[in-house]
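Q: Here it is: the structure, laid out below.
The values are calculated or read from the model by the stated rules, or taken from the named source; none is laboratory data. Treat the numbers as computed from the prediction; the structure is a model and nothing was measured. A quick note on method: Cβ atoms are made from the backbone with ideal geometry, for glycine too, and the neighbour counts reach across all protein chains shown. Just so you know, the surface numbers come from the protein's heavy atoms only, side chains and all, with ligands and any DNA or RNA stripped out. Shrake-Rupley method; radii C 1.70, N 1.55, O 1.52, S 1.80 Å.
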Amino acid sequence: MNLQGIVAVSGKPGLWRALAQNKTGYVLESLDAQKTKLVANLSTAKLAALTEITIFGIEDDIRLTDVFEQMKAAANVPDAKADGKKMRTFFYEVAPDHDEEKVYASDMKKILTWFHILKDLPLFNEVDPTQAPAPETTTAEVEEPVAEVVAAEPEPAPAPKAKAKKATKKAE
C-alpha cells in the first residue's frame, strides 16, 4: 500500500494529496471527486501523513497502514455511519490490540471514512516504495578479482621558502 504524500489536514474533512511545497506550506489536492486545491500554511494548519499515524494499543501503538491492510483483507467493512457497537466489534477483528479506552468511536469513524476514500484508488494496491524488496538469493557465489596494490615512491618534500626580511628604518 503506497500512502506516500497522502495527508489529513486538521479542520478539513477528507484526505489530501501533497502536490508541491512552497516557502510557507504545501499545495494540496483533495482525493474526492471535486479535486479541490488548497494551500496549507504550516504556521496555521496541522498536517498528518497517513504513513506516520498510529492508533493507541494496549502494549504498543498500531500503525494505521497495518490497520488498513487488515481492513483490506476483511470480508465486509462497515460504513462510517454504522452504530458504535458494530464499529467496535469490527475494530476488534482488524486491530485486536487497540486500547478501548483511548480509541473513541469518532476515531474509528474517521478511519473507516479514510478507508472508504482510499480503497478505490490505484495507489491503495501499489507496493510501498519505502519498503525494501526481499533480497534475492543466488546459489552461485561471484568472486571479485583482487587488485594488486603497487607502492608508489614518495615524492620529495618541497624545499622550504626563504622568509623575506623586514626592512627597518634606521634612526638617524
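Q: On the protein heavy atoms, probe 1.4 angstrom, tell me the percent of accessible surface of region 8-62 carried by carbon and sulfur.
A: 53 percent
Q: How far is it, in nm, from the label point at ASP66 to the one at VAL27 when both lie 7 Å from their Cα along the line to the Cβ?
A: 3.7 nm
Q: Take every DSSP beta bridge with both residues inside region 1-64 and express the antiparallel ones as a percent of the total, to the nearest 5.
A: That works out to approximately 100 percent antiparallel.
Q: May I ask which of LYS35/LYS81; LYS35/LYS86; LYS86/LYS110 have a Cα-Cα span longer than 26 Å here?
A: In this structure, LYS35/LYS86 lie more than 26 Å apart at Cα.
Q: A follow-up question, please. Listed here are the pairs LYS12/LYS85; LYS23/LYS109; LYS37/LYS102; LYS72/LYS109; which of them are more than 23 Å apart at the Cα?
A: The answer is LYS12/LYS85; LYS23/LYS109; LYS37/LYS102.
Q: Moving to a separate point now. For region 39-128, what does the relative contact order come out to in percent, with C-alpha contacts under 8 Å and a separation of six or more?
A: About 27 percent, as a whole number.
Q: In debye, nearest 20: dipole of region 78-127 around its Cα centre with unit charges on the Cβ of K, R (+) and D, E (-)?
A: With only Lys, Arg, Asp and Glu charged at Cβ, the dipole is about 240 debye.
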